[in-house]
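Heads up: the structure comes next, in structure tokens.
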Amino acid sequence: MKINIFFSDEKFIWNIENRYYTAKVCLYIIKDLVNVNINNVGGLIYYVDSCETEDILADLARWKKCVEDGNNEEDGPEVQLIVVEKFLNDDLKNKVLSWSLDNGTEYL
């Protein structure tokens, strides 16, 4: 498998080439969700390396609102992932998992 990632500002171009397919994936990093409309995308990833407070629930709600404001139900992103590397405790992890289930996103 051949994988190349090119970085320019806040946009990654990820070229994937293997025996089954070739793909060019554009990854955009949005650090501030204020006044952002997310549309015309196939998938979204909400990533945080460490989750220590319940502030993540408010952040996830803002993330979801950005998605909803830029799309209607039929043309929204097919893939919505939440990735958290580490939680402070299991209670917080369960709250994020519950939010994910209630809002139609996948939690990894």
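Could you tell me which residue of the range 66-108 is farthest from residue 47 (Cα to Cα), considering only residues that are modelled with pLDDT under 80 and acidic (Asp, Glu)? Please lay out each step first, then the result.
The initial filter retains those residues of the range 66-108 that are modelled with pLDDT under 80, namely 66-77.
So of that shortlist, the ones also acidic (Asp, Glu) come out as 68-69, 73-75.
On the way: 68: 18, 69: 20, 73: 23, 74: 25, 75: 23 Å.
Once the filter is applied, the top-ranked residue is 74.
Filtering the range 43-57 to residues that are polar (S, T, N, Q) and either in contact (Cβ under 8 Å) with a residue 60 or more places away in the chain or part of a strand (DSSP E or B) (or both) leaves only 50. Taken over the range 42-63, the criterion of being of a type in the set (A, V, I, L, M, F, W, C) and surrounded by 11 or more Cβ atoms within 10 Å (Cβ to Cβ) is satisfied by 44, 45, 48, 51, 56, 57, 60, 61, 63.
The values are calculated or read from the model by the stated rules, or taken from the named source; none is laboratory data. What you see is a predicted model; the values in this text were computed from it and never measured. Cβ sites come from the backbone with ideal geometry, for glycine too, and all protein chains shown count toward neighbours.
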